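Take a look at the structure below.
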Amino acid sequence: MVALVSGGAEPAELLLYARGPARLSGPAGDVRLRRKALAVIYYLAFEGPTRRERLADLLWESADPLSNLRVELNAINTALQVIQLTFSDNHQDPLVLPRQVRLVLDGNSRDEAILDGLDGLTADFQEWLEWQRARLRASSGS
């Protein structure tokens, strides 16, 4: 569970770690999310505002990928509701990462895996993931 910032006026800052296990963490610990939900959040953190169709096609190889994305967005909103943060409304397009989510690119060790735990979702997402890993390794000299 994630706690509110004292006073409750502003949602807590959430940290999204690029090195080590893929996770979204708040003041009270990690936010429990499925891997595809984390993949949506990571993609938006790295790429910026993205159309729903692009994300759906990237992460689902099914007959109705937009329906699957809606389910995942609802799961994200449910998990973030505890800190009074809404990820997106039902009609927002393009999707935008909430400003309270901060991508943390550095880690404790240069040997840590990059975006660990997000492999094997779809071939297209895997290609994007490998490209991000190569960029992060090149920028950190590891």
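For the chain, the Kirkwood hydrodynamic radius comes to 15.7 Å, computed from all pairs of different C-alpha atoms. If you take all other residues with their beta carbon under 10 Å from the beta carbon of residue 51, and give Lys and Arg +1 and Asp and Glu -1, the sum is -1. Summing charges over all other residues whose Cβ lies under 12 Å from the Cβ of residue 115, with Lys and Arg as +1 and Asp and Glu as -1, gives +2. Heavy-atom accessible surface of the chain, averaged per residue, reaches 54 Å², computed with a 1.4 Å probe. Highest mean packing first, where packing is the average number of other Cβ atoms within 10 Å per residue, the peptides 14-25, 33-44 line up as 33-44, 14-25. Its relative contact order, with pairs defined as Cα atoms under 8 Å and 6+ residues apart, puts the chain at 33 percent. Counting charges near residue 38 (Lys, Arg +1; Asp, Glu -1) among other residues having Cβ under 13 Å from its Cβ returns a value of +1.
Convex hull volume per residue, computed on the Cα atoms of the range 57-128, equals 131 Å³.
The values are calculated or read from the model by the stated rules, or taken from the named source; none is laboratory data. Every value quoted in this text rests on a predicted model; they were computed, and no experiment measured them. Heads up, the Cβs are rebuilt from the backbone with ideal geometry, glycines too, and the neighbour counts pull from every protein chain shown. Keep in mind that these areas ignore ligands, DNA and RNA; they rest on the heavy atoms of the full protein, side chains included. Shrake-Rupley method; radii C 1.70, N 1.55, O 1.52, S 1.80 Å.
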